[in-house]
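The values are calculated or read from the model by the stated rules, or taken from the named source; none is laboratory data. A quick note: this is a predicted structure, and the numbers were derived from the prediction, not measured. Neighbour counts run over all protein chains shown; Cβ positions are idealised from the backbone, glycine included. We work out accessible area using only protein heavy atoms, side chains counted, and drop any ligands, DNA or RNA first. Shrake-Rupley method; radii C 1.70, N 1.55, O 1.52, S 1.80 Å.
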Amino acid sequence: MKDENNLMEKIVSLCKRRGFIFPGSEIYGGLAGTWDYGPTGSLLKKNLKDLWWRETVQLRDDIVGVDAAIMMNPRAWEASGPTEAFVDPLIECKVCHQRFRADNEEEIKSHEKSHKGKKVEWTEPKRFNILVEAKLGVIEDQKSTIFLRGEITNGVQVNFKNVLDSTRVKIPFGIAQIGKAFRNEITPGNFTFRSREFEQMEVQYYIKPDEAEGQKWFEYWKKDRMDWYLSLGMKKGNLRFRDHTNDERAHYARLATDIEYNAPWGWNEFMGIHHRGDWDLRRHQEYSGTDMSYHDPQTGETFIPWDIETSAGVDRSLLFLLVDAYSEEDDRIVLKLDKRLAPYKIAVFPLLANKPELVEAARKIYDDLSPRFMVAWDDRGNIGKRYYAQDEIGTPYCVTFDFDSLEDKKVTVRDRDTMKQDRVAIGELASYLEKNLGK
Ligand code: GAP
């Protein structure tokens with residue numbers, strides 16, 4: 001645990017203060033387990049998802065993407081076995097009747113403490129389905145009940161045949177997807193870590209049904225995903241793999257490993273790599289009657305492929321990227337986010353807001369840069385306060401138009417990490433920024 005100086009409290013407060021993340025429906029007292037991303041948070045989240053998509057789909061010729069519906073025919077959930085997959089064992093405190101996940105020792109201990117020495121007795125674990133139900137259509141009966149997806153995986157699996165028939169993919173290949181999932185979590189908590197509505201980024205990677213191939217691709221994806229998070233600048237010492245034991249592996253998984261982060265409350269997972277075998281395709285074939293096999297034109301073999309899945313939480317990745325980037329230096333707080341992730345790449349200021357000649361010239365720079373970069377404008381308070389605010393949201397460069405700029409046609413560019421200031425000719429500003437932002 002590294003929460004000696006209330007790191008989580010500081011992160012939650014920064015997120016609220018600077019527009020990253022707000023409690024869902026806050027003005028109505030909130031809705032437990034839901035969060036709204038604000039102006040900076042939604043940019044950060046979009047940058048994270050765009051980067052993932054670019055590196056997972058755009059830069060690879062073996063992965064294509066889909067964007068499937070959240071609502072699905074209930075038979076799809078029967079096929080993938082939601083009653084097994086999304087059942088959590090719960091125990092109930094006999095003193096206050098609150099329920100907790102039976103496997104969450106930390107919460108159970110902390111709840112016992114909250115009863116201040118009173119002997120707390122627990123019920124035996126009971127199973128509880130955490131899929132969120134919804135009613136679809138105008139007639140409310142048994143048939144109108146559907147489940148919001150508890151994982152985004154099924155939308156990919158049910159389209160396996162469609163993707164095969166409509167693209168040029170051949171095994172091994174992957175189908176990627178980013179989207180929302182919903183779970184009726186019993187104890188949402190640790191900020192966005194355990195929410196009831198969250199987003200996932202997944203690849204289902206289809207391979208030949210062969211033990212050696214399975215092992216090879218499982219190891220490949222473990223390394224690939226870990227390397228991706230390291231490439232975003234996450235500190236190596238804060239990341240680790242954790243293999244699932246036989247008892248904790250999901251019913252579909254032959255092998256499973258989590259990537260965990262050294263969170264302020266202890267190590268916790270934010271993505272998983274699962275060897276799902278042919279579980280999903282075989283079950284969907286059985287329940288839908290659609291042939292889910294793959295014909296290999298080279299070898300003439302026909303088989304149901306195996307699936308190596310990588311499943312990352314968008315919200316958990318974002319939370320841990322924030323925690324990892326947060327730093328306190330002398331008299332400032334700075335988010336040292338990878339520049340590609342930073343909500344705004346540049347902030348433009350006139351030195352003084354009450355000097356029209358400075359404001360007008362700075363505004364022109366803002367207008368010129370905006371089509372190429374996400375740029376913030378700030379003319380409030382003094383320059384020190386503006387730097388402080390941009391450091392807190394991780395803006396890599398601040399550009400100031402001052403009195404000297406009127407004469408020498410240069411602006412001051414200040415670097416977030418080093419705080420070094422460069423004078424740059426206005427005519428060369430865009431290419432200077434492009435180079436330094438790594439475009
Ligand atoms: N398709 C496989 C699957 O859904 P999972 O381990 O249940 O596997 C994958 O979920 C990822 O989704 C987790 O590592 C986590 O990042 C994210 N996730 C799961 N439940 C979540 C929740 N309640 N709140 C936020 N993120 C969650």
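For region 140-169, what are the residues that are more than 16 Å from the ligand (Cβ to nearest atom) and in contact with a Pro (Cβ under 8 Å, 6 or more places away or on another chain)? THR145, ILE146, listed by residue number.
The set of residues in region 245-294 that are in a strand (DSSP E or B), more than 15 Å from the ligand (Cβ to nearest atom) and more than 30 Å from ALA325 (Cβ to Cβ) contains only TYR294. All conditions but one from (1) at negative phi; (2) within 20 Å of the chain's Cα centre (by Cα); (3) open to solvent by 50 Å² or more (accessible area, probe 1.4 Å) apply to SER195; the one that does not is (3). Out of GLY237, GLY300, one residue alone is in a loop (DSSP other than H, G, I, E, B), of a type in the set (Gly, Ala, Ser), more than 13 Å from the ligand (Cβ to nearest atom) and surrounded by fewer than 16 Cβ atoms within 10 Å (Cβ to Cβ). It is GLY300. Take the conditions (1) closer than 22 Å to ASN47 by Cα; (2) hydroxyl-bearing (Ser, Thr, Tyr); (3) in contact (Cβ under 8 Å) with a residue 40 or more places away in the chain; SER431 misses just one of them, which is (3).
Look at ARG372 and say whether it is part of a loop (DSSP other than H, G, I, E, B) and surrounded by fewer than 19 Cβ atoms within 10 Å (Cβ to Cβ).
Working: part of a loop (DSSP other than H, G, I, E, B): yes; surrounded by fewer than 19 Cβ atoms within 10 Å (Cβ to Cβ): yes.
Taking the combined requirement at face value, the residue satisfies it.
Entry remark, region 339-369: residues being touching a helix residue (DSSP H, G or I) at 6+ places or on another chain (Cβ under 8 Å) and open to solvent by less than 50 Å² (accessible area, probe 1.4 Å) number 14 in total.
Just name the residue that is nearest to the chain's Cα centre (by Cα) out of those in region 403-423 that are touching a residue at least 24 places away in the same chain (Cβ under 8 Å) and either assigned to a strand (DSSP E or B) or surrounded by 18 or more Cβ atoms within 10 Å (Cβ to Cβ) (or both). Selected residue: ARG416.
Sub-8 Å Cβ pairs linking a first residue in region 203-224 that is within 19 Å of HIS295 (Cα to Cα) and among the β-branched types (Val, Ile, Thr) to a second residue that is assigned to a helix (DSSP H, G or I) and open to solvent by less than 10 Å² (accessible area, probe 1.4 Å), at least 6 apart or interchain, are ILE207/GLY214, ordered by first then second residue.
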